[in-house]
Structures are given as structure tokens and as C-alpha cells.
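Remarks on the structure that follows.
The values are calculated or read from the model by the stated rules, or taken from the named source; none is laboratory data. Predicted model only: the values in this text are computed from it and were never measured. In this analysis, Cβ positions are derived from the backbone assuming ideal geometry, glycine residues included, and neighbour counts consider all displayed protein chains.
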Amino acid sequence: MSTRRQFLSTGLAAAPVLALGALPTRTRAVSPQAQARDGARSILILGGTGFLGPHLVKNALDRGHTVSVFNRGRTVPALFPEYFDRVEHLEGDRNGDLASLVGRSWDAVIDNSGQQAAWTRDSAQLLKDRVDLYVYTSSTGVYYPYYGSNLTEDTPLVLEAGPDANEDLAYGVMKAQSELEARRAFGDDRTIVVRPTYIIGPGDRSNRFPYWPARLERGGEVLVPGRPDDPVQWIDARDLTEWMIRLVENRTVGTFNAVAPTWEMGMRAFVHGVHAATTAPCTFVQVDDNDFLLEHGVPYVVPWIMPTPDNYGSARVNFDRAVAAGLRMRPLAVTALDTIAWWHSDSVPEARRQRLVEAPDGLMAREAGILAAWRARG
Ligand SMILES: NC(=O)c1ccc[n+]([C@@H]2O[C@H](COP(=O)([O-])OP(=O)(O)OC[C@H]3O[C@@H](n4cnc5c(N)ncnc54)[C@H](OP(=O)(O)O)[C@@H]3O)[C@@H](O)[C@H]2O)c1
């Protein structure tokens, strides 16, 4: 059985390998600061071309800011390609090649591609005297193991992982250490840390949320794991990135969980929320026996995670500070509707859509058999 962390990147049905290719080299010598208008900021995004990045780019440009992105030039943005003509592309590698950042200045850097604490240490140390704000895209994964509930930003974090640590713990510790590196360089008064939970919406490179609208639009009997009131949380990439840009504009420093909905929602309400964006009739079959689900290889169907002790609080993350700092959510049905439109667009290869439905190890292909066993059990 795959670990939850593997699932985060692959979805229950294996995620497609997205077409990768070299970005065209951009030669425009734009000085973002020179272009900044009144109130506009010059923003450097470390990364910028995966899932969250294109939404950040779009939101920043739409609000009149100037944007530079720093990456290896391998990942082709699948969303908003027209926006990338207005972006300065700096090539480099966080693994030891930051040369294109040397001697440059920005108002804010958004560290979106952090996969190692040393990467954040190196970029934050390099930029601390030439950039005002450091925004680190962390994760609610810092709270793993998710014991208890109402996990606030002040929850003590695990900061060390031994060599035998599972993937969830290693990821959480890496993110927590990266936060510390950002703060070490920029200090509390110049650091913004956002901790998103599962990021969803158009452009998702995993199949975990797309599973639900894709499944419900097929109609019929739908397996819903867990109890009806098992809590679920997510964050729409648009809500997250609009808010991140506003945090920069307002210089709202601090650490913030980034989770929605900004009220408590259970799994039953979630499936109805997604269903509101589809037209096929569905019968929801709540399979609420966790032992049965484990026996049939269903330990999670994100956003539902089996509430084992170490995952109990994973969807019980406190959102008060984020709401006070301006985080707003769009309705789940809107996220689902936009995700369906994107899922059926040219941005998603047909092979990816087929795999989600047909992959023999995916839930969609196994669902009818599991439901038959559930009924047979009486
Ligand atoms: N997805 C979720 O549900 C979720 C949940 C919580 C937190 N997060 C966090 O959210 C952040 C956003 O992830 P994203 O993938 O959407 O970000 P993104 O900024 O859209 O894409 C990742 C970027 O990293 C660049 N990159 C990868 N390796 C690099 C390297 N060695 N040197 C320089 N650039 C490199 C990629 O470009 P090249 O390949 O061209 O280099 C790409 O531009 C991550 O920090 C993740 O941990 C995600």
C-alpha cells in the first residue's frame, strides 16, 4: 500500500507524468523594480511554473505587480501561458546554482519550490539584504503526526526526523526546518509563512481532488469513505494565491494556516458540495467501517483521511488567524465546476483522464467490487 505522502503527489490512481519540456529561454532584460508602478510590488517567485505558481503569477500580474520566476526551465506551465510572456524568467537550480539571483533586488520573494531546508537557507541568506519580505509556502504537513484537534499555528512542531522516519514525518520536518531558515535570515518582521492543506482547483497536478468531480459526473452508486461527519479540509489554489498576494501588499507578516472551508464540513456535505456542480444522479453509499476500508485498500480518498491517531487532526486545522488576515473561500461547487471545465479542456491530456477512470489500482475501477463486498457483508 502506498504511503499517504505518495498519494499526495500521485492520487489513488497513479497521476500522469505531465509533459515536460524546456521553456523557451526568455531574453527580455526587464528590471521588475524599474517597472513597478505606485503601490505595485516587484515579486520574485522561486518556482512558479507548476500548480500554485501559475495562479500566483496571474494574481500578481492582474493586481499590477511585476513578476520574476526562478526555476530550471524544465516545467512548462499548463495554465495561463499568455501571462508568462510578461514574466522575467531567471534560470538556475536551487541545488547550488543561484547565480541569476545575485545582485538583484525585489520587494518580496515567494519561496514556492522549497523541497529542502538547505534550499531555503541558501536563497534566504542570499536575498536577505536585497529583498524586503520572504514568503515561504509551507504546509499543514508540519503538524504531522496530527494528534488532537484544533491545530493552531502555535502547535509545537516536530523538528527532527531520524533516518527511519516515514515520508509524512520527513516532509513535515523539512517544511518546519525551512520555515526556521526563512525566519533566521529575514526575522519575524519580514517573514510570511503560509501553511496550506491540500491545494485544489484547475491546474492540479495530482488526481486527488479531480477524482471527485470526475467520479460524480459519471453518476450511479458512489462509495463515500468514513463517517458522514468526518471532517475534511482543502484550499482552492485561487483563494490561496489571491490571499498570498494580499498578504504581501499589506505586509501582513506572521504564520498562517491556509485551510478551507472556513467552517467545519463533514464528508457527506463535501460530496454534496461537489455534486452540486454535476448533473448525473448519484446514490451515495457511506462505507463507515475503517477496518473494511483498510481491508479493501482505501486508507484515504483525499480530502478524507482515515482518522487514525497520527492523522486524526489532519482536517482539524484551525483557520481563525487566516480568516482574520483576510483569507476568503469560494464555494466548493464553484471549485468543482471550474475543475471539471479544466479537466475536460486541452490542458489535460486525454490519457490522464482515461487513467483516472481505468487504472486497475485506482478507486474508480475498484469501486463496484468494493461496494458489492460491502453489501454482501450485510
Ligand atoms: N499541492 C499541494 O496540495 C500542497 C499542499 C501543501 C503545500 N504545498 C506546497 O506548495 C508549494 C507549491 O508547489 P507547486 O509545485 O505548485 O509550485 P510551483 O512553483 O508552481 O512549481 C514548482 C516549481 O519548482 C521548480 N523547481 C523544481 N525543482 C527545482 C530546482 N531544483 N531548482 C529550481 N527550481 C526548481 C519547477 O520548475 P523547473 O522544473 O523548471 O525547475 C517549478 O517551477 C510547494 O512548496 C509544496 O510543498 C503543496
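What do you reckon, is THR241 modelled with pLDDT of 95 or more, of a type in the set (S, T, N, Q) and over 29 Å from GLY362 (Cα atoms)?
yes
So, in the stretch 131-187, of the ones that are over 20 Å from the mean Cα position of the chain (by Cα) and buried (at least 23 other Cβ atoms within 10 Å of the Cβ), which residue ends up nearest to the ligand (Cβ to nearest atom)?
Filtering the stretch 131-187 for residues that are over 20 Å from the mean Cα position of the chain (by Cα) and buried (at least 23 other Cβ atoms within 10 Å of the Cβ), the one nearest to the ligand (Cβ to nearest atom) comes out as GLU181.
Name the single residue that is surrounded by the fewest Cβ atoms within 10 Å (Cβ to Cβ) among those in the stretch 338-378 being of a type in the set (Val, Ile, Thr) and closer than 27 Å to ASP288 by Cα.
Keep residues of the stretch 338-378 that are of a type in the set (Val, Ile, Thr), which gives 339-340, 348, 357, 370.
Subsequent filtering for residues that are closer than 27 Å to ASP288 by Cα retains 357, 370.
Working: VAL357: 14, ILE370: 20.
Within the stretch 338-378, the match that is surrounded by the fewest Cβ atoms within 10 Å (Cβ to Cβ) is VAL357.
Are any residues in the stretch 101-130 away from the ligand (no atom under 11 Å from the Cβ), part of a loop (DSSP other than H, G, I, E, B) and among the polar types (S, T, N, Q), and if so, which ones?
SER105
Against the definition (touching a residue at least 12 places away in the same chain (Cβ under 8 Å), surrounded by fewer than 20 Cβ atoms within 10 Å (Cβ to Cβ) and not β-branched (Val, Ile, Thr)), how does ASN112 come out, yes or no?
Against the criterion (touching a residue at least 12 places away in the same chain (Cβ under 8 Å), surrounded by fewer than 20 Cβ atoms within 10 Å (Cβ to Cβ) and not β-branched (Val, Ile, Thr)), ASN112 does not qualify.
Here is a check on your reading of the model: is PRO299 surrounded by 15 or more Cβ atoms within 10 Å (Cβ to Cβ) and out of contact with any Leu (no Cβ under 9 Å at 6 or more places or on another chain)?
Details: surrounded by 15 or more Cβ atoms within 10 Å (Cβ to Cβ): yes; out of contact with any Leu (no Cβ under 9 Å at 6 or more places or on another chain): no.
No; evaluated as a whole, the condition is false for this residue.
When both residues are 6+ apart or on different chains and their Cβ atoms are under 6 Å apart, which pairs have a first residue that lies in the stretch 120-146 and is among the aliphatic types (A, V, I, L, M), and a second that is more than 16 Å from the ligand (Cβ to nearest atom) and assigned to a helix (DSSP H, G or I)?
Short answer, once both residue conditions are applied: ALA124/ALA185; LEU133/ARG190.
Six or more apart or on different chains, Cβ atoms under 6 Å: show the pairs whose first residue is in the stretch 73-89 and more than 15 Å from ASP62 (Cβ to Cβ) and in contact (Cβ under 8 Å) with a residue 40 or more places away in the chain and whose second is away from the ligand (no atom under 11 Å from the Cβ) and in a loop (DSSP other than H, G, I, E, B).
Listed pairs, sorted by first residue: ALA78/SER347; GLU88/VAL30; HIS89/ARG26.
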